[in-house]
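Engineer: The structure is given below, and queries will be raised subsequently.
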Amino acid sequence: MRGQRQEKCAQPPTVRSRGRGSRVRTPLFTTGLSILALASCGGGGGGSGGSSGSTSSGDPELLIESVTFSPSQANIGETIYAVDIIKNDGAGTAAGFDVEIYLSLDPFITSADTLIGMRSIAGLNPGETSVGGGFLTLPPTLSEGLWYLGVIVDRAGEVAEGNEADNVQVAFQTLEVSTVPAPDLSVNLVTVNVSQVEAGQLVEVSDTTQNVGVGDATSFQIGIYLSLDATITPGDVLLGLRSVPFLGAGEITQLSGQLTVPAATTPGTWFVGALADVGGIQNESDEFNNTGLAAQPLTVTAPPRPDLRMTELTFSPNALDAGQSLTVSETVINQGLMPADPFRVGIFLSSDETIDGEDHLIGFRSLAGLSIGEGSSTSAPLVVPAVVGGGTFHVAAVADHEESILESNEENNTVIALGTLVVQVPPMPDLETTAVSFGPSVVESGEAVTVIERVRNSGTVPAVNVRVGTYISNNEVVTTSDVLLGTRVISSLGVGDVDEALNEFVVPAGVPIGSWTVGVIADDVAGILEPDEGNNLLVAAGHLDVTGSPDPQADLLVGSLQASPSSVLSGGVLTIQSNIRNEGDLSASQFHVRFYLSQDSVIESTDFLVGVRTIFQLGIDSGSAQSFPYTLDASLPLGDYYFGAICDDPNVILESDEDNNVEVLPGLIEIFVPPPPAPDLTLVDLSFDPASVSLGGQFQVSHTVRNVGNLDAESYRVDYYISLDSEITSDDFLAGSGLTAPSLAIGDEAPSSSQIDLPAEVTVGTWYVGGIVSILTGTADSNLSNDDLSASTTLEVTL
């Protein structure tokens, strides 16, 4: 009934004055809801809302001048942008009030409709206007179809107006809402490999998550947490995250991994759990099944550890130029309960009193270790590099700044000296190597290579007598300790000037055969003070191959190959570790390595492709290692597979041996689909009393049942048996049954006891007493091998 819905409309809001005739823009809507709905009531209906009825001369009068939104069509979970304009058309000031945005299936907007957003206005003076706008999310509770969007002003009736009937308005256009099939991420299983661990050590955690919805889930993360209670939230202790790029409807993702329990974890009993869709990226049909708990808790202990603390720090002088030395004196002590292994003390300059990775490390000292209660002091000059720049700095010392020592307290490693250091940077040159190339790319020892290089002075004063060195390195890092091919000297280089040279250098006869990296270092003798010492080196593209063969060729092979786990869920992740080597006498340019699953032991390109890695260049006698998680195609048939890799697939590199490009792992990889969640009841304790019973007598049996499965169990019962041996089966003498229990939740235990009559078939002698637990209704027990248990003592039956 339309009249009844109009009666539910909210009263108008109050506002605080901001000045007559002014227009105020307020912040975006705030909303914890996910839909927008508004329709007018009373004087509603689009356009500028005019007032009706009489208004007292001194009363405020709130009007909704307009309500608009865009776009006019959106899917559930998407956002729209809504704008409203509210005016105080009365003679009095309006105190604070709220503006609420609703979606409705009809044009009559009431507070019973779906609230999707709200903003607060602190106040409005007579004639003042407030404009508000914001993005609003369409919640998953919406149905498909046309919706009206509207505004209710001052629903709580905080502002006393002359006319309370014009505080609702509906937008002109309607909103067409479409439904997109929603995913539903459910954590089915979480396991942890140990029940106790020391803080700072590793545990192996496995989680299995399924998309039980009807829509696909795009990229999301699964977090593994420690929690002091059984409710897993993002505020718990994060052990690790894993990313799932895609999970189709009905698909399952599973992964096991080694995770570190933080060293600062409080000793005690913790729940281990998984949270799917960390950050709430997915718009799911059910947001309340995203967590799962391991069946067993994890006990965290804190072993004795060292505890490094800085006790003293001084420096002098308190002002200097960059490039000069600062004398620093510091003392560190181990106040922990265990000796400390080798560590370093770092000295930092910081523009504030927070020491972090943005600060400047100007020096360190290495200690071989500290015994319990031992201290160590030193005083040494440290050069303040020009890269620090000018300004005022705090001087700090950090014990174990590389975090190599696990300590009982990681919060007392830093001390900041009293006073500050003023650093000035005088004008300096700044030498930068901007270009390097060489040729030919293949030479023999004693032959010449031509190097073209270019050096620029980006500083503020000229540089004189600049030595430029050309080096070759047997790895990717070029330093002045590598093989020097030759040098040149630039007598003077003005500000902004560039000097280019072409030089021919002979590769020394003693240089071993292999692939070498060519690099040029401006001011390689470090004779010029610069504000940036990090741009003096430039490495040339490609390798210089030093060979002894007249016809050198590459030879690619798989040096090592691993794949884990050996059993992978369909659509799950297979982590592949590969090391590809070039055993030839020529570098290999870009090529691909492909990984396959095969139903036979012959790996070829027609098998099931798992993944591809690209190696852009591989030098002589060099290797390239990688570990990467590959997601298996969910359409891959279930079963056992051989796993292998093919180098240079397809063949693009000319090799000296084309028959050693394939490697096959021993053993098989199983692709499987896990069984659905099910309870697993097991007897964890069984005892009886008394130990001796006469024929026809009675005795008391007590037991405890635990559900170690991943689904709650419905009704179950324990049956008691008398056996001539410790193996309890249903073929033994049934002595009686316990009470039927209605249910048992995941991880819960339930004790019980029953009075049992000795069966007539039992004779005088020594007997075993045991029990078998059985689920009577609902999902069957997933593991029947742990349903029985024999008491640790025997029963003596007498006359």
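The values are calculated or read from the model by the stated rules, or taken from the named source; none is laboratory data. Values in this document were obtained by computation on a predicted structure and should not be read as measured data. Here the Cβ positions follow ideal geometry from the backbone for every residue, glycine too, while neighbour counts run over all protein chains shown. Remember, those area values only see protein heavy atoms, side chains included, never the ligands or the DNA or RNA. Shrake-Rupley method; radii C 1.70, N 1.55, O 1.52, S 1.80 Å.
Engineer: Tally up the residues in the range 282-317 that are among the aromatic types (Phe, Trp, Tyr) and more than 22 Å from the chain's Cα centre (by Cα), please.
Structural biologist: 1
Engineer: Can you pull out every residue in the range 479-510 that is closer than 25 Å to Gln617 by Cβ, in a loop (DSSP other than H, G, I, E, B) and in contact with a strand residue (DSSP E or B) (Cβ under 8 Å, 6 or more places away or on another chain)?
Structural biologist: Thr479, Thr480, Asp482, Val507, Pro508 - these are the residues of the range 479-510 that are closer than 25 Å to Gln617 by Cβ, in a loop (DSSP other than H, G, I, E, B) and in contact with a strand residue (DSSP E or B) (Cβ under 8 Å, 6 or more places away or on another chain).
Engineer: Here is a further query. Counting just the residues of the range 485-499 that are of a type in the set (S, T, N, Q) and farther than 12 Å from Gly469 by Cβ, which one comes out surrounded by the fewest Cβ atoms within 10 Å (Cβ to Cβ)?
Structural biologist: Filtering the range 485-499 for residues that are of a type in the set (S, T, N, Q) and farther than 12 Å from Gly469 by Cβ, the one surrounded by the fewest Cβ atoms within 10 Å (Cβ to Cβ) comes out as Ser491.
Engineer: So, one more: Restricting attention to the range 453-463, and to residues there that are open to solvent by 60 Å² or more (accessible area, probe 1.4 Å) and assigned to a strand (DSSP E or B), which single residue is farthest from Glu530 (Cα to Cα)?
Structural biologist: Arg454
Engineer: Any chance the range 656-663 includes a residue that's open to solvent by less than 50 Å² (accessible area, probe 1.4 Å) and among the hydrophobic types (A, V, I, L, M, F, W, C)?
Structural biologist: No - not one qualifying residue is present in the range 656-663.
Engineer: Mind listing whichever residues of the range 652-679 are part of a loop (DSSP other than H, G, I, E, B) and either in contact with a strand residue (DSSP E or B) (Cβ under 7 Å, 6 or more places away or on another chain) or among the β-branched types (Val, Ile, Thr) (or both)?
Structural biologist: Val652, Ile653, Asn660, Asn661, Leu665, Leu668, Val673, Pro674, Pro677, Pro679
Engineer: Just to check your reading of the model, which residue among Gly127, Gly145 is surrounded by fewer than 18 Cβ atoms within 10 Å (Cβ to Cβ) and touching a Gly at 6+ places or on another chain (Cβ under 8 Å)?
Structural biologist: Gly127
Engineer: Still on this structure, I have one more. Going by what's in this entry, would Leu136 be described as in a strand (DSSP E or B) and closer than 15 Å to Ile80 by Cα?
Structural biologist: yes
Engineer: Sticking with this one: State all residues of the range 777-799 that are under 16 Å from Asp712 (Cα atoms) and among the β-branched types (Val, Ile, Thr); if no residue qualifies, say none.
Structural biologist: Thr777, Thr779
Residue-by-condition table, conditions (1) open to solvent by 80 Å² or more (accessible area, probe 1.4 Å); (2) over 22 Å from Phe628 (Cβ atoms); (3) touching a residue at least 40 places away in the same chain (Cβ under 8 Å); (4) touching a Leu at 6+ places or on another chain (Cβ under 6 Å):
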site: Ser227; (1), (2), (3), (4): no, yes, yes, no
site: Thr231; (1), (2), (3), (4): yes, yes, yes, no
site: Gly235; (1), (2), (3), (4): no, yes, no, no
site: Leu239; (1), (2), (3), (4): no, no, no, yes
site: Gly250; (1), (2), (3), (4): no, yes, yes, no
site: Ser256; (1), (2), (3), (4): no, no, yes, no
site: Leu259; (1), (2), (3), (4): no, no, yes, yes
site: Ala264; (1), (2), (3), (4): yes, yes, yes, no
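Results for (1) open to solvent by 30 Å² or more (accessible area, probe 1.4 Å); (2) over 30 Å from Pro440 (Cβ atoms); (3) part of a loop (DSSP other than H, G, I, E, B), shown as yes or no for each residue.
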position	(1), (2), (3)
Asp545	no, no, no
Gly548	yes, no, yes
Asp551	yes, no, yes
Leu557	yes, no, no
Ser560	yes, yes, no
Ala563	no, yes, no
Leu574	no, yes, no
Gln577	yes, yes, no
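Engineer: The conditions are (1) touching a residue at least 60 places away in the same chain (Cβ under 8 Å); (2) among the acidic types (Asp, Glu); (3) in a strand (DSSP E or B); (4) open to solvent by 60 Å² or more (accessible area, probe 1.4 Å), and Glu476 fails exactly one of them. Which is it?
Structural biologist: Here Glu476 meets the rest and fails (3).
Engineer: Scanning for something closer than 30 Å to Phe348 by Cα and either at pLDDT below 95 or buried (at least 18 other Cβ atoms within 10 Å of the Cβ) (or both), does the range 432-450 turn up at least one residue?
Structural biologist: yes
Engineer: Identify, by number, the condition in (1) aliphatic (A, V, I, L, M); (2) open to solvent by 70 Å² or more (accessible area, probe 1.4 Å); (3) within 48 Å of the chain's Cα centre (by Cα); (4) under 18 Å from Ala691 (Cβ atoms) that Leu724 doesn't meet.
Structural biologist: (3)
Engineer: While we're looking at this one, here's another question. Please note which strands (runs of 3 or more DSSP E) are completely contained in the range 291-392 and include at least 2 residues that are of a type in the set (Gly, Ala, Ser) and loosely packed, with under 14 Cβ neighbours inside 10 Å.
Structural biologist: Counting at least 2 such residues, we get 375-383.
Engineer: Pull up the range 627-646, narrow it to residues that are assigned to a strand (DSSP E or B) and open to solvent by 60 Å² or more (accessible area, probe 1.4 Å), then point me to the one that is nearest to Ile603 (Cα to Cα).
Structural biologist: Taking the candidates together, the pick is Tyr642.
Engineer: To continue, here is another question. Just to be sure before I move on: is Ile646 under 35 Å from the mean Cα position of the chain (by Cα) and farther than 30 Å from Thr793 by Cα in the structure I sent?
Structural biologist: For Ile646, the condition - under 35 Å from the mean Cα position of the chain (by Cα) and farther than 30 Å from Thr793 by Cα - is met.
Engineer: Taking the residues in the range 393-415 that are of a type in the set (A, V, I, L, M, F, W, C) and closer than 27 Å to Glu198 by Cα as candidates, determine which candidate is surrounded by the most Cβ atoms within 10 Å (Cβ to Cβ).
Structural biologist: So the residue we want is Ala399.
Engineer: Now for a different question. Filter the range 266-279 down to the residues that are open to solvent by 50 Å² or more (accessible area, probe 1.4 Å), part of a loop (DSSP other than H, G, I, E, B) and of a type outside the set (Val, Ile, Thr), then identify the one that is nearest to Ser186 (Cα to Cα).
Structural biologist: Here the residue is Gly279.
Engineer: Going by what's in this entry, would Ala199 be described as more than 30 Å from the chain's Cα centre (by Cα) and aliphatic (A, V, I, L, M)?
Structural biologist: no
Engineer: Within the range 500-523, track down each residue that is over 14 Å from Val451 (Cβ atoms) and surrounded by 13 or more Cβ atoms within 10 Å (Cβ to Cβ).
Structural biologist: If the condition is that a residue be over 14 Å from Val451 (Cβ atoms) and surrounded by 13 or more Cβ atoms within 10 Å (Cβ to Cβ), then Pro508, Val511, Ile513, Gly514, Ser515, Asp523 are the ones that fit.
Engineer: Hey, any hits in the range 677-691 for a residue that's under 30 Å from Asp788 (Cβ atoms), open to solvent by less than 30 Å² (accessible area, probe 1.4 Å), of a type in the set (Phe, Trp, Tyr) and in contact with a Leu (Cβ under 9 Å, 6 or more places away or on another chain)?
Structural biologist: Yes: one or more hits.
Engineer: Something else: Step by step: first the residues of the range 608-626, then only those that are β-branched (Val, Ile, Thr) and buried (at least 17 other Cβ atoms within 10 Å of the Cβ), then the one that is nearest to Val443 (Cα to Cα). Which residue is that?
Structural biologist: Here the answer is Ile620.
Engineer: Out of the range 425-440, which residues are outside any strand (DSSP E or B) and either of a type in the set (Lys, Arg) or over 43 Å from the mean Cα position of the chain (by Cα) (or both)?
Structural biologist: If the condition is that a residue be outside any strand (DSSP E or B) and either of a type in the set (Lys, Arg) or over 43 Å from the mean Cα position of the chain (by Cα) (or both), then Pro426, Pro427, Met428, Pro429, Pro440 are the ones that fit.
Engineer: With the requirement that a residue be within 23 Å of Glu658 (Cβ to Cβ) and either open to solvent by 40 Å² or more (accessible area, probe 1.4 Å) or in contact with a Pro (Cβ under 6 Å, 6 or more places away or on another chain) (or both), what does the range 580-599 give you?
Structural biologist: Arg581, Glu583, Asp585, Leu586, Ser589, Gln590, His592, Arg594, listed by residue number.
Engineer: Looking at Ile528, Ile576, which one is in contact with a strand residue (DSSP E or B) (Cβ under 9 Å, 6 or more places away or on another chain) and over 30 Å from Glu658 (Cβ atoms)?
Structural biologist: Criteria check complete, one pass: Ile528.
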